[in-house]
């Protein structure tokens, strides 16, 4: 386990993450004024997922943690993805 | 296993005098066993309240026409009955009470990983319950939506939906924190030598349950918040007039609420496995198959929610996909039943009350499971959807399955938890009466459903009168059986210490310590040297 190898992130990397999150939030708002049709939702979801990934990897230290935790989080995300895919069997074919 | 047999007795967790005395000693205790009993007593209280509501509902349905109450009162009654039984009794169910009490004992730990969080979870549970109760007596009265809060009706009714939804939301937090606590406990606090495949199967069941609690509950939490936002701010997530989609509500609700059925039934199956193994005097048949089937049920259970929605208007493709996936759940469920049967085969069966409860569970669970196939198949579901058939099916699964297993577990672990023994003869008589009452109450509902009687109506056509009358009689028999069982448990017999330490010759770790256990369970942490059910002298 990770008791003996605590990773301490630098202020610089935290600030970089903060800047990325703010920038992506601005992009989220800006993209609503671009007419992408049905893909507006897709774009918003991609940006939100990127932000979530940054938070998970850097703020929540997943990038520096044991493989088992990365595996477990990935598994949970996969289940979530499967749930979304199955839901879309309804929305795409209704 | 070694190092765990007491040579002298320690003060039990019931006698232990800590920093706080009396009531405060319970309400502020972080001991997992006391918290388990807090859950058990509060759940039993809510269960009995739900039973009384159910008996009144059946009384209203004893004959066609209005008997006791108006339609709106009946609507409120079945809603509150559902809310109480689902959210306050059976979802916390065996997990919160028996899970809390026995996970540390069965894995050789002194407590759960986060004792304070454990107590906080109970306070959230009580807090959520209080909010639901508040919703019944304030505003425009109790909700009339059914426990499912289906949109768009839940957005439009004038009854007090917001408080009930908020209560369920708070209860969800309790469930998530309990699940998290148990996962960490099982991963990090097992005794030396207890690998994952040396854990008792109740622990495997609790492990699967905890993952569902942790991952599925937030979905319903968010959904309920969306209902509150829709009602208060008029956002329109589920309102077609504003571009929303009511079917989305059903998707989100059942993404949680179907796995929630496995939150109820998985710990029940775990307890039944323990009981069947102990009273068969055999090593459990197919240990790994049962362990993996718990995880398989937990996983596949996530993917089948759409079978609640076959008539909702969702796409044909989705209906077929969900129907197929639903049938997959039958496989791990059947693995458990076959393995229980194989464990009993050629065993030296000891016909004690917990074993009879387990047999009653298996009988009604099989009926519930097989009628579930009728509902899992699109072609047959559309005929019986929203009829009394569904009511019968889920009572066979939820009450007959999880409920009877709750009592089976109570009779099995009773001497360990309280250091006393009930009257076994009376326990058997109570079970027999309850079992007859149960089937008299719910089996006619299958027939009513096939005849076409819809659920959730306070009145019905004359052709439905006879099965409804029989069903109401069944509710009284069940009530009498339940009363006998509970009074018997409240009036234990005096027996010798040897008879309560391990009366059933259980082989798992909790039976190696004194009854009731001491505050820290084990004088020294045991070292596990063999499987949980191995017959070792």
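Would you mention how many residues in segment B:136-181 are farther than 27 Å from residue B:391 by Cα and crowded, with 24+ Cβ neighbours inside 10 Å?
Residues flagged as farther than 27 Å from residue B:391 by Cα and crowded, with 24+ Cβ neighbours inside 10 Å within segment B:136-181 amount to 4.
Restricting to segment B:495-535, name every residue that is part of a loop (DSSP other than H, G, I, E, B) and free of Cβ contacts under 8 Å to residues at least 24 places away in the same chain.
Residues satisfying the conditions are B:496, B:502.
Find the residue count for segment A:46-73, including only residues that are closer than 23 Å to residue B:214 by Cα, under 17 Å from the mean Cα position of the chain (by Cα) and without any contact (Cβ under 8 Å) to a residue 12 or more places away in the chain.
Result for segment A:46-73: 11.
Could you pull out every one of the helices (runs of 4 or more DSSP H) wholly within segment A:11-94 that has 3 or more residues that are within 30 Å of residue B:187 (Cα to Cα), at pLDDT 90 or above and away from chain B (no Cβ under 14 Å)?
Per the criteria, A:39-54.
Considering only segment B:289-322, state which residues are part of a loop (DSSP other than H, G, I, E, B), within 11 Å of chain A (Cβ to nearest Cβ) and touching a residue at least 12 places away in the same chain (Cβ under 8 Å).
Selection gives B:304, B:309, B:312, B:313, B:314.
Checking the structure you have, find out if any residue of segment B:350-357 is surrounded by fewer than 21 Cβ atoms within 10 Å (Cβ to Cβ) and either closer than 24 Å to residue B:443 by Cα or within 12 Å of chain A (Cβ to nearest Cβ) (or both).
yes
Taking residue B:408, is it buried (at least 24 other Cβ atoms within 10 Å of the Cβ), modelled with pLDDT under 95 and either part of a helix (DSSP H, G or I) or in contact with a helix residue (DSSP H, G or I) (Cβ under 6 Å, 6 or more places away or on another chain) (or both)?
no
For segment B:489-496, does any single residue satisfy the condition of being modelled with pLDDT of 90 or more and surrounded by 20 or more Cβ atoms within 10 Å (Cβ to Cβ)?
yes
Using beta carbons and a limit of 8 Å, which pairs, at least six apart or on different chains, have the first residue in segment B:396-411 and on the phi > 0 side of the Ramachandran plot and the second one assigned to a helix (DSSP H, G or I)?
Close Cβ pairs satisfying both conditions: none exist.
Residues are listed down the side, and each one gets a yes or a no for (1) out of contact with any helix residue (DSSP H, G or I) (no Cβ under 6 Å at 6 or more places or on another chain); (2) modelled with pLDDT under 90; (3) closer than 24 Å to residue B:511 by Cβ:
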site: B:11; (1), (2), (3): yes, yes, yes
site: B:15; (1), (2), (3): yes, yes, yes
site: B:36; (1), (2), (3): no, no, yes
site: B:39; (1), (2), (3): no, no, yes
site: B:47; (1), (2), (3): no, no, no
site: B:54; (1), (2), (3): no, no, no
site: B:73; (1), (2), (3): yes, no, no
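How many residues are part of a helix (DSSP H, G or I) and farther than 19 Å from residue B:399 by Cβ when one looks only at segment B:84-116?
11
Criterion first (over 20 Å from residue B:308 (Cα atoms) and modelled with pLDDT of 95 or more) does residue B:389 satisfy it?
Criteria not met by residue B:389.
Based on this model, can you work out whether residue B:335 counts as touching a residue at least 24 places away in the same chain (Cβ under 8 Å), surrounded by 23 or more Cβ atoms within 10 Å (Cβ to Cβ), at negative phi and away from every other protein chain (no Cβ under 14 Å)?
The answer is no for residue B:335.
Among the numbered conditions (1) within 14 Å of chain A (Cβ to nearest Cβ); (2) not in a helix (DSSP H, G or I), tell me where residue B:235 comes up short.
(1)
Of B:445, B:417, which residue is surrounded by 21 or more Cβ atoms within 10 Å (Cβ to Cβ) and either modelled with pLDDT under 95 or in a loop (DSSP other than H, G, I, E, B) (or both)?
Of the residues listed, the single one that is surrounded by 21 or more Cβ atoms within 10 Å (Cβ to Cβ) and either modelled with pLDDT under 95 or in a loop (DSSP other than H, G, I, E, B) (or both) is B:417.
It is to be established whether one or more residues within segment B:256-269 are over 30 Å from residue B:354 (Cβ atoms), crowded, with 22+ Cβ neighbours inside 10 Å, touching a residue at least 60 places away in the same chain (Cβ under 8 Å) and within 14 Å of chain A (Cβ to nearest Cβ).
So far as segment B:256-269 goes, no, none of its residues is over 30 Å from residue B:354 (Cβ atoms), crowded, with 22+ Cβ neighbours inside 10 Å, touching a residue at least 60 places away in the same chain (Cβ under 8 Å) and within 14 Å of chain A (Cβ to nearest Cβ).
The values are calculated or read from the model by the stated rules, or taken from the named source; none is laboratory data. Just so it is clear, the structure is predicted and the values come from calculations on it, not from any experiment. Every residue, glycine among them, receives a Cβ derived from its backbone with ideal geometry; neighbour counts consider all protein chains shown.
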